[in-house]
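The structure appears below as structure tokens.
The values are calculated or read from the model by the stated rules, or taken from the named source; none is laboratory data. This structure is a prediction, so every number in the text was calculated from the model and none was measured. FYI the Cβ positions are ideal-geometry reconstructions off the backbone, even for glycines, and counts take in every protein chain you see. Just so you know, the surface numbers come from the protein's heavy atoms only, side chains and all, with ligands and any DNA or RNA stripped out. Shrake-Rupley method; radii C 1.70, N 1.55, O 1.52, S 1.80 Å.
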Amino acid sequence: MTIPSHTTVAVVGGGPAGLLLARLLHRAGVDCVVLESRDRGYVEQRQRAGILEQGTVDALRDCGAAGRLDREGLVHDGVELRWGRRGHRIDFPSLTGGRRVWVYAQTEVVKDLIALQLADGAPLLFEAEVSAVTGADTGRPVVHYTHEGVARTLDCAYVVGCDGFHGVVRKAIPEGALRTCERVYPYSWFGILADAPPACDELVYAHSPRGFALHSMRSPSVSRLYLQVPNGTDPAAWSDERIWDELEERFAVDGPWRLNRGPITQRAVLPLRSHVTEPMRWGRIFLAGDAAHIVPPTGAKGLNLAAADVVVLARAFTDWAATGTTAALDAYSDTCLRRVWRAEHFSWFMTTTMHTAPDQNPFDTKLQLAQLDRIATSPHAAAELAENYAGLPVA
Ligand code: RFL
Ligand code: PHB
């Protein structure tokens, strides 16, 4: 492949945000180049999100990237909330006017988008690590990167930072130009992948006196499970038996329900954080996905927010390329931030309602249980949860 030295839109990061943006731009005839610091195998195997909202699935379908998702994705019409040894199901279609979610792993979305991009898309360079962006306050920004040991530059009209929470593009913006808001939670998630058939047809979010647990899945034979653990927990310090026993306790109900155990194939601990950078644009730099905002995973919103950002941004670039008008680009940050803050609130609400804080007192617990009871008994409260979980339409 010849390495391009100029393009219209330089996309930094080949995660879901960068890859979907590149696909949408390519379909709209807008030139772009994607620079990804890691190798293809690493990006395709990184275990992360599992739930796609209706709007994300619609976006993937619209750009021809949903063939395998439509064949292999598991459609879910609800989730179970479990507390006090009983379960309560939230039905999405009846509460949201027909919206639903798909269980289809982020790894698979990324594989599908990479395959399309390499087959007929814009240039996508792996092992291309961006070190700096200069000239973003001029008409011609320059992206500086190293590819296979060679220092290179990419001239462009716009740069989009899709380079995740630890990315470099946000750091190219002067500190005084951005505001950040953040909350760090006093607990983490211990996530495992296991060769065991899921013990449920839909996801189970469990509040228990021993802390939160989530039962998710990747396929009819692979389970994905999470346990709330203290920050700083070493995943290697837990035996497989201890993990399964703890999950069993937290999911326990009155009745015959049992978890299916099996070999644990992956394990990791991740801290929970909420973070928003505003505005999501400075000069000729735009931020999208985790580069601009992080949510705790309890609401399954991170990947979906990343997808919604780039749908809005791709439309704005398409408008600008067709007409020369920057109105939609100028509105990008405000348009996205409304949805981002809604998702921040929902993710915080799900997290603080379902987890047990280290300093939690009985009053706090009673408030959580009163809120869960409200969701179980009021269609309005259930609809509020269902609308947020299944996802609001993309602006
Ligand atoms: P990513 O996926 O972090 O991709 C950023 C990419 O940028 C590259 N990069 C660079 N490339 C070039 N030069 C540099 N200097 C670079 N620095 C970084 C990185 O290698 C990487 O490939 O961000 P993106 O695209 O914004 O996507 C965001 C999502 O990955 C994230 O929000 C979700 O995974 C969050 N999340 C979930 N979201 C959901 O919507 N539903 C879920 O069910 C859900 N579950 C989860 C999650 C995240 C988790 N973890 C591990 C954080 C479950 C977990 C366990
Ligand atoms: C997952 O399947 O990895 C998953 C599902 C729902 C969440 C978070 C993660 O809220």
Taking L272 and the conditions (1) surrounded by fewer than 23 Cβ atoms within 10 Å (Cβ to Cβ); (2) within 17 Å of T56 (Cα to Cα); (3) within 16 Å of ligand 1 (Cβ to nearest atom), which numbered condition does it fall short on, given that it satisfies the others?
(2)
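Please state which one of Q54, Q45 is surrounded by fewer than 19 Cβ atoms within 10 Å (Cβ to Cβ) and either within 16 Å of ligand 2 (Cβ to nearest atom) or of a type in the set (S, T, Y) (or both).
Q45
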Kindly list the number of the only condition in (1) part of a loop (DSSP other than H, G, I, E, B); (2) over 23 Å from Q106 (Cβ atoms); (3) hydrophobic (A, V, I, L, M, F, W, C) that fails for F165.
(2)
Subset of region 24-39, residues outside any helix (DSSP H, G or I) and of a type in the set (A, V, I, L, M), comes to A28, V30, V33, V34, L35
I need the full set of residues from region 136-155 which are part of a loop (DSSP other than H, G, I, E, B) and either surrounded by fewer than 16 Cβ atoms within 10 Å (Cβ to Cβ) or at pLDDT 95 or above (or both), in order please.
D137, T138, G139, R140, P141, E148, G149
If you check V75, V79, which single one turns out to be without any contact (Cβ under 8 Å) to a residue 40 or more places away in the chain, among the hydrophobic types (A, V, I, L, M, F, W, C) and within 16 Å of ligand 2 (Cβ to nearest atom)?
V75
Options A357, A306; residue that is surrounded by 18 or more Cβ atoms within 10 Å (Cβ to Cβ) and either within 16 Å of ligand 2 (Cβ to nearest atom) or closer than 16 Å to R183 by Cβ (or both)
A306
When you scan region 173-202, how many residues do you find that are assigned to a strand (DSSP E or B), open to solvent by 40 Å² or more (accessible area, probe 1.4 Å) and farther than 21 Å from H355 by Cβ?
2
Counting only residues that are over 21 Å from the mean Cα position of the chain (by Cα) and without any contact (Cβ under 8 Å) to a residue 12 or more places away in the chain, how many does region 88-117 have?
3
What are the pairs, 6+ residues apart or on separate chains, where a residue within region 40-65 that is in contact (Cβ under 8 Å) with a residue 24 or more places away in the chain and part of a helix (DSSP H, G or I) has its Cβ under 7 Å from a residue that is among the acidic types (D, E) and open to solvent by less than 70 Å² (accessible area, probe 1.4 Å)?
V43/E36
